[in-house]
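The values are calculated or read from the model by the stated rules, or taken from the named source; none is laboratory data. The shown structure was predicted, so the numbers you read here are calculated from the model rather than taken from an experiment. All Cβ positions, glycine included, derive from the backbone under ideal geometry; neighbour counts span all protein chains shown. Protein only, heavy atoms only, side chains kept; ligands, DNA and RNA dropped before computing areas. Shrake-Rupley method; radii C 1.70, N 1.55, O 1.52, S 1.80 Å.
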Amino acid sequence: MMSEKSFATYLITPSIIVLLLTTTFPILYLIWSSFQNINLAMPWMDGFVGFKNYIEMFQDKQFWKSFRLTITYTASTVILQLIIGLGLALLVLKIPKAQWVFRLMAILPIVLAPVVVGLFWRTLMLAPDFGIIDFFTKTIGLGSFAWLSEPRLAVISVILIHTWQWTPFAFLVLLASLASLPTDLYEAAKIDKAPAYKRFFYITLPLIRPAIIIIIIIRSMVALSAYAAIYAATRGGPGTATEILNLYAYRTSFLEVNFGYGSTLAVFILLITITVAGILYSIRKKRS
Amino acid sequence: MDKGLKIEIKNITKKYGKVTILEDVNLTIEPNEFFAFLGPSGSGKTTTLRILAGLEEINNGQIFFNSKDITQSSPGSRDVAMVFQSYALYPHMSVFENISFPLKMDGVKKNQINEFVKQASQRVKIEHLLNRKPGQLSGGQQQRVALARAIVRKPKLFLLDEPLSNLDAKLRLETRVELKNLHKSLNVTTVYVTHDQEEAMTLANRIGVFLKGKLMQVGTPKEIFDNPASLDVAGFIGNPPMNLLDAEIVDGKLVVEGKLIKNYSTIFKNKKDLVVGIRPNDISLGEDGIEAKVYLIEQLGDSSIINLHINKKIVKHKTGENLTLEEGEDVKVSLNPDKIYLFDKITGLKI
Amino acid sequence: MNTINLNKKIFRNFIITFLSTFILLIWILPLIWSIFVSFKSEIEVLAYPPNVFFKPVLDNYKAAIFGSLSILSELSDSFIIASITTILTLLLSIPAAYSLARLNLFGKKKIGFYVLATQMIPPMGLVIPYYLILGKFGWLDTYHGMIIVYMTFSLPFAIWLMVSFMEDIPREMEEAAFLDKASRIKTLLYIIVPQVKGGIAVTTIFTFMNSWNEFLFAVQLSGNKVRPVTIAMYNFVSVEQTLWAKLCAAALIAMIPVIIIGLIGNNHIVKGLTLGAVKGGGRK
C-alpha cells in the first residue's frame, strides 16, 4: 500500500500547481507591474519606475475619495445587512409555519447576477418617472428623486442595492443559527423571570456571536470586491460620486490604459482586503 | 482446518506526542483462543486492538503473526477482520454490498461472492435484510451486518471492539451467547475489547487486564478473579470491586484499623504500608470488630450493598440477607480472615 | 384579563406577519416587476402610472432569442464556460480536499492557509495581470482563457467546501475499508466520494452559479468570439436609449438557470452558505 504521506501529496499537488499558476503568479505579476510604467497610450514611457506610482497614489485626490467611499460602502452595507437580517430572522422565527416561504424567497436575490441586479434597480426600480420607487415616493407626496444622478442619493442607492441583494445571506445564516439554539436555556431563563430583551442580550446574542462574526467576515470580503452592481447601476457616476476603489482601478487600467498606476491601486485593494481579513480573523480567533 | 493464528506482541510502546498511551506491552495469544482485553476507557485496550489491526503506528516493539514479523504490514495485508464499536457500515451501500465489499476488494469471482454472502448472512440471520441500507436497520441488525462483513472472508484473526456496547441490555445478553457460539463454530483466533467484566468473564478463554496504558495481568477469568496480581487489578475486578483498607503487621499480627484480623507470620515480623483487600461478600456485621457507620444502602432486589464509613473511607458490604439496618446506624465490621488479600502499598504487588 | 392578553397576542402576530411580509415583498418585487415588464411592449413600459393590467406580448422574448439582439450564443458560451469550470473544479477539489481533510499531509496547516488566502484575493487584483498575461499568450477572448480565470475563485472555495463535508465522515469508514483490503484510491472512490454526494451537489451549484453570474472578468477578458451572457445585458442598455422590456426578457432568460438551481437546490445553498460561512465563504 502506498504510504499515506505520498498519497496525500499526489492528491493535493494538481490543485496547488493550478492555484500557484492561476492566483499566485498573477498577483506577483501585479506587484511587479505596480512598480512599472505600463501605459498603452504612451508605450515609449514604459519601464521600471520604483515607487513613483505609489507616491502618485498618495497624492491623488481621487484615490483618497475612492478609499473613503470604499470604507463607507463596506461598513454601511455590512452593518445594514446584519441589522436587517437579524431583525427579520427574529421575526420569522416567531412564525414557524411560514418559515419555508422566507427561506425559499431569500434565495432569489442571492442567485441573481449582481450585474442584473444593478440593471434592474437602475431601470425598473429607481429610474425617475418610470421606476417603482419613484412611483411610490410620488404617490405618497414626496415627489420624484434623482436616485442615481444626484451624487449623495447615488451613494445611498448603491449601498441599498447591495444591501437588498445580500441581506438574505445574513438572514439565512442567522435563521439557521437561531433555530439551532437550545430551547432549554430559554425555558430556564423564563423560569428565572428574565424579560425578553434581557433574554436577547444575555442569551441569544452571545450564542449567535460566532455566526455574526462570520457574516461580518464574509460580507466585508464581498463588499470589498463589489464591482458589477455599481458598474451596472451608475458606472461610478454621477461624475465619480460612486466610484469605489474597484471602479477607480478599473477606469485607470482599462479606460485610461494606465496599467502601471492601475496595478498600484489594485495592490492597495489587495492590502486593505488582507488587513481587514487579518483583523476580523484575529477577532474571531480570540472569541472562540 | 489449518492451524489457527498465534499472536505475539513484544515490548509495544505507543505515544501521542509526549503522552504515553501504551507502555511496554508483552502478550502471547494462542491459536483459536477467545481473548478479551478488559479495562476502563483510556486504559489502552482499544489502542492495542487497533495496533493488531495495523491501524495505529507504534513507537517501539514488534508484532508476530505465526512467528512472522508483521509490525510494518498494512491493515489489508494482515488478513484480519474487525467489528467496530460504531459498526462502520458503509451508509451508501446496501447490506449485500457491505458484506460483499471485502470480497470484491479481494478479487473474488462474482458467483462465489453471492455464495459467500449468502452463507455469512445466514450465519448471523440477516438473509432477509440484504437489500436494505444500513440506515433502515435497527442497532442489533446493524451489528449483525458488521459481523457478517467480518466473517464473510474467513479471516485469520477476528477483532471485536466493544461490539455490544451500543445494544440494549436484553439484546446484549442474547448476542453474547451467539458470539460465543459463533466463535466455537468458526474456530478463529478472536480478540475482544470490552470494559464490561461480566462480558469478558463469560466470553473469553483468557483475559488481559489493561490499566493506565499497561497490561497488568493475563489469565483465565477465574485466575483474574481469584488471584488479582496487584492492587490496581484488585480495585478494578469484581462488582463491586474489592474493598481496600490500610493495614500493618505488628509482632506477627495483621492489624486493620487497630483491630487484630489474624496472626500473620511471614518473613517480616513488623511491616507498615500494607493494604488488605476483601471482597464485599466476605465482610460480616456483628457484635465485635472494626467500628463503622452505615452510610447508604443500595437495594439490588435479591441482594443489597451496604456502604459503610470506616474512618472516612467507604467500604462496601454485599449481602443476600435482609438486614434491618438504618442509614446512620453504628455497626461493627469483621473481615473473613481466610478471604483476605494482602498487598504492598508501595509497590502495589500482592504479598 | 384573558381577552386583553388574547387581543395583545393577535395584535402582535399581526404586526409580525405584516412586517415580515413587507420585507418579503421588497425582496421579490424587482423580480416580479421584471416579469411584468418583460411581457409589455416598449411603449407600454413608459406608461405612467405603471400599468399592471395590459395585453401581454411575447415580442421581447422573441427578440431576445431569435432577433438581431439574440442572446443564444452568449447563453451557450456561458454554459460551456460554467460547465467546464465546474467539472475541472470538482476533479481538482475532491482529491485535494480529501488530502487536507483526512490524510497525514506534509505541511497541512500551511497549505490550508494558502488555499484560504487565495480565496481572499480581490478580483480586481487579478483582472489587471490577467489582461496583460492572457494578452501575451493570445488567450484573451477564448474559452480556455475564461476557464482559467474562473478557476481562480471557484477552486479555493470548492476545496474548503469539500473539506468541511469530508470532515463529517467518521474515521472508521476508511479504517474498515483498509481492513477490507481496499487500496487508498479505491477507498477514496468507493467509500469517501459516495458519502459526500451532498457536498458535491453544493460545490457544483456554487461553482456553476458563480461562474454563470461573473461579470468583471467577463467584461474585460472576453470579447466578440467568446462572450458570457452577463455581458449580453449591455446590448439593451446604450447611451441613446434603454430597451427596458427586452432587457427584462433577456435578463430573465439569462437568470432562469440560476433561479431554477436556486429554488430546487434551496437546501443545498443554505447549507453551503452556512458551511462556507464557517470556512471563509464564497464570493460573487
Inset, instruction - State the number of residues belonging to segment B:59-92 that are in contact with a Ser or Thr (Cβ under 9 Å, 6 or more places away or on another chain) and either modelled with pLDDT of 90 or more or in a strand (DSSP E or B) (or both). - result: 9
Inset, instruction - Identify, from the list C:Leu155, C:Leu116, the residue that is assigned to a helix (DSSP H, G or I) and open to solvent by less than 10 Å² (accessible area, probe 1.4 Å). - result: C:Leu155
Legend entry - Sole exception among (1) open to solvent by 20 Å² or more (accessible area, probe 1.4 Å); (2) under 29 Å from C:Gln119 (Cα atoms); (3) of a type in the set (Ser, Thr, Tyr) for A:Ser3, by number: (2)
Legend entry - Of residues in segment C:218-232 being surrounded by fewer than 23 Cβ atoms within 10 Å (Cβ to Cβ) and within 10 Å of chain A (Cβ to nearest Cβ), the one nearest to A:Leu112 (Cα to Cα): C:Ile231
Legend entry - Residues (part of a loop (DSSP other than H, G, I, E, B), hydrophobic (A, V, I, L, M, F, W, C) and either exposed (fewer than 15 other Cβ atoms within 10 Å of the Cβ) or within 13 Å of chain A (Cβ to nearest Cβ) (or both)) located in segment C:37-53: C:Leu46, C:Ala47, C:Val52, C:Phe53
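Yes/no per residue for (1) over 27 Å from the mean Cα position of the chain (by Cα); (2) closer than 20 Å to A:Pro168 by Cβ:
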residue: A:Thr22; (1), (2): no, no
residue: A:Trp64; (1), (2): no, no
residue: A:Leu90; (1), (2): no, yes
residue: A:Ile95; (1), (2): yes, yes
Inset, instruction - Those residues that are open to solvent by less than 50 Å² (accessible area, probe 1.4 Å), of a type in the set (A, V, I, L, M, F, W, C) and either at the interface with another protein chain (Cβ under 7 Å from one of its Cβ atoms) or in contact (Cβ under 8 Å) with a residue 40 or more places away in the chain (or both), I need them from segment A:89-100; list them, please. - result: A:Ala89, A:Leu91, A:Val92, A:Ile95
Inset, instruction - Would you check which residues across segment B:4-27 are free of Cβ contacts under 8 Å to residues at least 60 places away in the same chain and open to solvent by 60 Å² or more (accessible area, probe 1.4 Å) and list them? - result: B:Lys10, B:Asn11, B:Lys15, B:Tyr16, B:Gly17, B:Lys18, B:Val19
Inset, instruction - Could you look through segment B:205-218, keep only residues that are more than 18 Å from B:Met242 (Cα to Cα) and open to solvent by less than 10 Å² (accessible area, probe 1.4 Å), and pick out the one that is farthest from the chain's Cα centre (by Cα)? - result: B:Gly213
Inset, instruction - Take segment C:119-150 and flag every residue that is of a type in the set (D, E, K, R) and either touching a Ser or Thr at 6+ places or on another chain (Cβ under 9 Å) or not in a helix (DSSP H, G or I) (or both). - result: C:Asp141
Inset, instruction - Would you be able to tell me the number of residues in segment C:173-189 that are closer than 26 Å to C:His268 by Cα and within 10 Å of chain B (Cβ to nearest Cβ)? - result: 3
Inset, instruction - Evaluate the following for C:Ser76: is it more than 30 Å from C:Pro170 (Cβ to Cβ), assigned by TED's automatic domain parsing to the domain that holds C:Pro170 and surrounded by fewer than 22 Cβ atoms within 10 Å (Cβ to Cβ)? - result: yes
Inset, instruction - Among the numbered conditions (1) over 20 Å from the mean Cα position of the chain (by Cα); (2) within 7 Å of chain A (Cβ to nearest Cβ), tell me where C:Met124 comes up short. - result: (1)
Inset, instruction - Look through A:Tyr202, A:Tyr231, A:Tyr261 and report the one residue that is more than 21 Å from the chain's Cα centre (by Cα) and open to solvent by 20 Å² or more (accessible area, probe 1.4 Å). - result: A:Tyr202
Legend entry - Within segment C:89-102, considering residues that are open to solvent by 10 Å² or more (accessible area, probe 1.4 Å) and closer than 12 Å to A:Tyr10 by Cα, the one farthest from the other protein chains (Cβ to nearest Cβ): C:Leu100
Inset, instruction - Please indicate, with yes or no, whether at least one residue in segment B:125-132 is outside any helix (DSSP H, G or I) and either open to solvent by less than 10 Å² (accessible area, probe 1.4 Å) or of a type in the set (Phe, Trp, Tyr) (or both). - result: yes
Legend entry - Criterion violated by A:Ser76 - all others in (1) over 30 Å from C:Leu263 (Cα atoms); (2) away from chain C (no Cβ under 14 Å) satisfied: (1)
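Could you check, for segment A:196-212, whether at least one of its residues is small (Gly, Ala, Ser), assigned to a helix (DSSP H, G or I) and more than 24 Å from A:Tyr250 (Cα to Cα)? Explain how you work it out, then say what you get.
Of the residues in segment A:196-212, the ones small (Gly, Ala, Ser) are A:196, A:211.
Add one more test, that the residue is assigned to a helix (DSSP H, G or I), and what stays is A:196, A:211.
Now drop any that are not more than 24 Å from A:Tyr250 (Cα to Cα), which leaves A:196, A:211.
Yes: segment A:196-212 contains one or more residues that are small (Gly, Ala, Ser), assigned to a helix (DSSP H, G or I) and more than 24 Å from A:Tyr250 (Cα to Cα).
Here is a yes/no grid of residues against (1) among the acidic types (Asp, Glu); (2) over 16 Å from A:Leu19 (Cβ atoms); (3) free of Cβ contacts under 8 Å to residues at least 12 places away in the same chain:
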| residue | (1), (2), (3) |
| --- | --- |
| C:Ile94 | no, no, no |
| C:Arg102 | no, yes, no |
| C:Phe106 | no, yes, yes |
| C:Ala117 | no, no, yes |
| C:Ile147 | no, no, no |
| C:Phe153 | no, no, no |
| C:Ala158 | no, no, no |
| C:Leu161 | no, no, no |
| C:Phe165 | no, yes, no |
Inset, instruction - Please specify each residue of segment B:263-292 satisfying the condition of being in a strand (DSSP E or B) and under 19 Å from B:His317 (Cβ atoms). - result: B:Val275, B:Val276, B:Gly277, B:Ile278, B:Ile283, B:Ser284, B:Leu285, B:Gly286, B:Ile290, B:Glu291, B:Ala292
Inset, instruction - Consider C:Thr142 carefully, then state whether it is within 19 Å of A:Asn246 (Cβ to Cβ) and out of contact with any Asp or Glu (no Cβ under 8 Å at 6 or more places or on another chain). - result: no
Inset, instruction - Just one of (1) more than 9 Å from chain A (Cβ to nearest Cβ); (2) in a loop (DSSP other than H, G, I, E, B); (3) modelled with pLDDT under 90 trips up C:Arg283, so point out which. - result: (1)
Legend entry - Conditions (1) polar (S, T, N, Q); (2) free of Cβ contacts under 8 Å to residues at least 60 places away in the same chain; (3) surrounded by 13 or more Cβ atoms within 10 Å (Cβ to Cβ): number failed by C:Asn5: (3)
Inset, instruction - Take segment A:111-143 and flag every residue that is under 22 Å from C:Glu44 (Cα atoms), more than 7 Å from chain C (Cβ to nearest Cβ) and not in a helix (DSSP H, G or I). - result: A:Leu126, A:Ala127, A:Pro128, A:Gly131
Inset, instruction - May I ask you to list pairs of residues, at least six apart or on different chains, whose Cβ atoms are under 7 Å apart, with the first in segment B:196-213 being assigned by TED's automatic domain parsing to the domain that holds B:Gly39 and among the charged types (D, E, K, R) and the second being part of a strand (DSSP E or B) and open to solvent by less than 40 Å² (accessible area, probe 1.4 Å)? - result: B:Arg206/B:Phe35; B:Arg206/B:Gly219
Inset, instruction - May I ask you to list the residues in segment A:28-70 that are surrounded by 15 or more Cβ atoms within 10 Å (Cβ to Cβ), out of contact with any strand residue (DSSP E or B) (no Cβ under 9 Å at 6 or more places or on another chain) and free of Cβ contacts under 8 Å to residues at least 60 places away in the same chain? - result: A:Tyr29, A:Asp60
